[in-house]
Every structure is written in C-alpha cells, then in structure tokens.
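Laboratory data are not the source of any read-out in this text; all were calculated from the coordinates shown. Remember, it's a predicted structure, so these values are computed and weren't measured experimentally. Cβ atoms come from the backbone with ideal geometry, glycine included; neighbour counts cover every protein chain shown.
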Amino acid sequence: MKIIDLRPRGYCHGVVRALQMVKKVIQDESYPRPIHILGLIVHNKKITEAFTHFGVISLDDASKTRLELLDQITQGTVIMTAHGVSDQVVQKAITKGLTVVNATCRDVTKVHDAVKIHLNLGYEIVYIGHKNHPEPEGILGISSDITFLESALDAMNFIQKYPNKTLFVTNQTTLSRYDIDVVLNVLKMKCPDLLFDDDICDATTTRQKAVIEQEPVDLCIVVGDQLSSNSNKLAFVSVQERNILSYRVEGVSDINPEWFKSVESVSITSGASTPTKVTNEVIEYLKQFDYNKKETWEHVSSLTYLDILS
C-alpha cells in the first residue's frame, strides 16, 4: 500500500505558542496555583489529558460561556485558549483577582481588532462561523450588534431585513472556503459592494490546499480531534473538492483495518492542533500494515503524556 504524507500538516503557530505558554506556567512556580484553562487550550483531547496529568484544570462545558465558566474559579491562574475571548472575560478574571495568561492566536486577535475598528466606523457587522465553537463566542462577545451567520438560509433571512448600512463581513479562521462562499454569495446578491475581510488563517488554507492538490488516492486519513474544526474541514474538502473518501481519526487506535481491504494508496494529513508524534504513529502503523496479514492489524498507541507534549 502506497503511503503519502501530505505537507504541511500538524501544529500551526498559534497552537505552538499556546502550548508553550501552558508549559511555561506549569514549570514556573511564580504563577499562582491552581492553574486553570478556560475551555480547551486547543481542540485535542490527548493534549488536554496530558496537561491534566500535570495538574492543569481544563474547564469545558458546552452549556456555559467562558464568562460563566469563570464563576468556577476563585483563585490561581487562568489561561485563555488559542480561540480567543471577549474583553469582558479578561476583565472579569482580573476583577476576581486571578492571574491572567492570554494564549489567543494572533490570527484570531486580528479578527477581533478588525471587528472593533469597523464597528466604530459605523459598519453593519456580519460574522460567518460555526455554532458552539469558542472562536465565534469570543467575537460575538464584543458587541450585541454583530450578526452571526452559519448557513445560506441564515444569510437569506438576514438580507430580507438588512438595514441600510455599509456591510463588513469576516469569518471564523478555521472554516473552509466552501463554508464561507455559500454564505457570502447570498450576501452579495443584496450587497454587491460589501467589504469582506477573508480571515481563514494561513495554516488552515495551506493544509486544505495540500489536500485539494494531492495526487489521486483511494483514501485520505485526517488525524485530528472530533472537536477540531480545521481537522473536520480537511476531511470535508477531501470529499467535497476531490471526491476522495476520508476518515478522521484521533490516533492510531481509531483506525479500522477493514477500511483498507481494497485500498492501494492512502494519504495522511493532520489538523493544526494534532501532535506530530500522534500523526507519525499513524503513518508508521500504515507503513507496516498488510490487510492479508492479520498480525499487522494490532494498533494500540504506545505514546506517553510526555510524548504528546514534546
């Protein structure tokens, strides 16, 4: 079976920075204990589990906002995740007397800044994103005047009651081009002169481009967490843009050997929050795999917490 390692893959600069910041807080005893992360530092449960092993408390509850989650913290250090938070969240943490470490990705900060600038200039603001993701939560916390759109239907409903103001449109950084265009094309029917700030981050764009431009294969494996938007989009564009069947796995233990019964070639990529050693373990497993030799089917991860964080 031919194995193709798509590049680039794995950690983006925002994830690298966020993980380095958490490691620094763990190692530096001058940061008050306990250490909390407001949400998941990045969307990868293996990383969350590894930090938990070193005493870090990750607060994540889909039914609560970051502002509400802060009520659970009474002392210590709180780390804001790479996905970003509103100014109200940071201010509340400071008011509670917590030591704040902000690991927001600079690409997300850029979107926050652009939204604030155009709000002050009097624009009508539209933000394209996915519900129940922390990145839109942070943006929408900036102002109640921001309109959140997820689908073409949302866009149709919006333009039917669109106010007579100049429109500024931006987006969640981890979306696919398809996600944005299905909404943007509807908005342009009503507002052809809208101002669009394309904020898909470079890491998302280049990884999706590698999947779209890959040579023909029978199967594409995406290594990434189920909560990782950019990982799910890699699997999506594989099917949507290239008609290549794709499975997303969180690690080698998720692989189903039956997937490869008639497969002669497989490509592998990984999301921007996936540890390199997790992806490499998948690649090494597939290199030795032979569907006709059952002894090659066993696939139990041997990675330690230190491996995940290295």
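With viscosity set to 1.567 mPa s and temperature to 4 °C, compute the Stokes-Einstein D of the chain, Rh being the Kirkwood radius across alpha carbon pairs; µm²/s, no decimals. In µm²/s, the coefficient rounds to 62. Can you check what the Kirkwood hydrodynamic radius comes to for the stretch 13-104, Cα pairs only, in Å to one decimal? Final number for the Kirkwood radius of the stretch 13-104 is 13.0 Å.
Evaluating 6.51 cos²θ - 1.76 cosθ + 1.60 at θ = phi - 60° for every residue in the stretch 209-226, the Karplus couplings come out as 4, 5, 5, 5, 9, 5, 5, x, 9, 7, 7, 10, 9, 10, 9, x, 6, 5 Hz, glycine and proline recorded as x. Between beta-carbons, use under 11 Å as the cut-off and find the net charge around LEU70, counting Lys and Arg +1, Asp and Glu -1. Net charge in that neighbourhood comes out at +2.
Shown in residue order for the stretch 273-279 are the 3J(HN,Hα) couplings computed by the Karplus curve 6.51 cos²θ - 1.76 cosθ + 1.60 at θ = phi - 60°: 10, 9, x, 4, 5, 5, 5 Hz (x for Gly and Pro). Relative protection proxy for 97-107, 258-268, from highest mean packing down: 97-107, 258-268 (other beta-carbon atoms within 10 angstrom). Site pair LEU195 and THR74 shows an inter-label distance of 4.7 nm when each label is modelled 7 Å from Cα along Cα→Cβ. The simple Förster model, with R0 at 22 Å and r as the Cβ-Cβ distance, assigns TYR178 and GLN214 a FRET efficiency of 0.80. Estimated from helical segments only, the mean residue ellipticity of the chain at 222 nm is -12000 deg cm²/dmol, where each DSSP H run of four or more residues counts as -39500 (n - 2.57). Across the chain, the relative contact order, built from alpha-carbon pairs under 8 Å that are at least six residues apart, equals 21 percent.
Protection proxy ranking for 291-302, 38-49, using the average of other Cβ atoms within 10 Å per residue and placing the highest first: 38-49, 291-302.
Charging the Cβ of each Asp and Glu at -1 and of each Lys and Arg at +1, and nothing else, the dipole of the chain about its Cα centre rounds to 320 debye.
Value of Rg to Rh for the stretch 107-196, rounded to two decimals, is 0.92; Kirkwood radius and Rg both from alpha-carbon coordinates. Distance from the Cα centroid of the stretch 64-130 to that of the stretch 196-227 is 27 Å (rounded to whole angstrom).
For an R0 of 30 angstrom, estimate the FRET efficiency from the Cβ-Cβ distance between SER310 and SER151 and round to the nearest 0.05.
0.15
In the elastic network of the chain, a GNM with C-alpha springs shorter than 10 Å, the most mobile of ALA82, ALA272, ALA114 is ALA114. Rounded to the nearest 0.05, what FRET efficiency do GLU49 and ASN132 give with R0 = 22 Å and r taken as the Cβ-Cβ distance? Could you check? According to the calculation, E is roughly 0.55.
Projecting label points 7 angstrom from Cα along Cα→Cβ for VAL300 and THR206 puts them 3.8 nm apart.
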